[in-house]
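Visitor: One structure is given below, represented as structure tokens, and several questions about it will come after.
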Amino acid sequence: MIEINQVSLILNKKEILHEISASFADGDIHGLVGRNGCGKTMLMKCICGFVRPTSGTICVNHKIIGVDVDFPEHLGVIIETPVFIPYLSGYRNLKILSEYRHCISRQDIYETLKTVGLDKVGRLPVYKYSLGMRQRLGIAQAIMENPDVLVLDEPFNGLDRQGVLEMRDVLLGMREKGKNIVIASHSEEDISVLCNNVLHLENGRLI
């Protein structure tokens, strides 16, 4: 469960978020929608612990972010454009990331590459990847440790139609496993197909 209670954020004397309150239950995909600059990405950064709210609290799995823990446990995330070491392979990039927590095996990484459709190119250096392939790799790094919570900011950017359909199926499969998924997308179709719960933001406020 993610519980957001009266969260406001002021940066450089500008109010970015205004008294946001919402609950995101496990086993659902929650959509954040709104125009560019409405506060979606900043709210996601607050949920992940990357930015601290000016006021209010965010609780993920009964732990207050910034008080009980700095960052949510068992979290997978894409915020803005995923970046990788270009001269290393997709597999090697994931392997390096996995060494921070040492909770998955080489086989788990291979299975994740297969899940996102990169198993045939996992040994190629990332600089040879297309934009869509790099986006798939970004999704791979977010899901490879089987997180309880996923926070995904425009996760389908750069994907062709087939890629979008395939990655939607991946997220729907994770929802069936009880994961808590928060997604921001400009695509009305993505939101309507994926999301059980939709929050609309405008000028940092829920509407």
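The values are calculated or read from the model by the stated rules, or taken from the named source; none is laboratory data. Just so we're clear, the structure is a prediction, and the values are computed from it rather than from any experiment. Please note: Cβ atoms are built from the backbone with ideal geometry, for glycine as well, and neighbour counts cover all protein chains shown. We work out accessible area using only protein heavy atoms, side chains counted, and drop any ligands, DNA or RNA first. Shrake-Rupley method; radii C 1.70, N 1.55, O 1.52, S 1.80 Å.
Visitor: What does the charge add up to near VAL198, with Lys and Arg as +1, Asp and Glu as -1, over the other residues with Cβ less than 14 Å from its Cβ?
Guide: -4
Visitor: Further question: Please give the contour-minus-distance gain from ILE85 to GLN6: 0.36 nm per residue of separation, less the Cα-Cα distance, rounded to one decimal in nm.
Guide: 24.6 nm
Visitor: What is the sum of charges around SER98, taking Lys and Arg as +1, Asp and Glu as -1, for the other residues whose C-beta is under 13 Å from the C-beta of SER98?
Guide: On the way: positive: ARG92, LYS95, ARG101, ARG106; negative: GLU99, ASP108, GLU111, GLU145.
Net local charge, SER98 excluded: 0.
Visitor: Can I ask one more? Report the Cα centroid-to-centroid distance between the stretch 145-207 and the stretch 1-80 in angstrom, as an integer.
Guide: 16
Visitor: Give the carbon-plus-sulfur fraction of the accessible surface of the chain in %, rounded to a whole number; probe 1.4 Å, heavy atoms of protein chains only. Each step should come with its number before you reach the end.
Guide: On the way: 5150 of 10600 Å².
Of the solvent-accessible surface of the chain, carbon and sulfur hold 49 percent.
Visitor: Right, another one. In a shell of Cβ-Cβ distance under 12 Å around SER187, excluding SER187 itself, what net charge do Lys and Arg (+1) and Asp and Glu (-1) give?
Guide: Counting the neighbours of SER187, the net charge comes to -2.
Visitor: For the stretch 14-73, report the translational diffusion coefficient in µm²/s to the nearest whole number, using Stokes-Einstein at 37 °C, 0.692 mPa s, and a Kirkwood Rh over Cα pairs.
Guide: 264
Visitor: Can I ask one more? If you roll a 1.4 Å probe over the heavy atoms of the protein chains, what accessible area per residue do you get for the chain, in Å²?
Guide: 51
Visitor: Sort 89-96, 74-81, 20-27 by packing, meaning the average of other beta carbons within 10 Å per residue, with the highest value first.
Guide: 89-96, 74-81, 20-27
Visitor: Additional query: Step through the table entries LYS13/LYS40; LYS40/LYS63; LYS128/LYS179; LYS63/LYS114; LYS14/LYS95, compare each Cα-Cα distance with 30 Å, and write down the pairs that go over it.
Guide: Check vs 30 Å cut-off fails for LYS128/LYS179; LYS63/LYS114; LYS14/LYS95.
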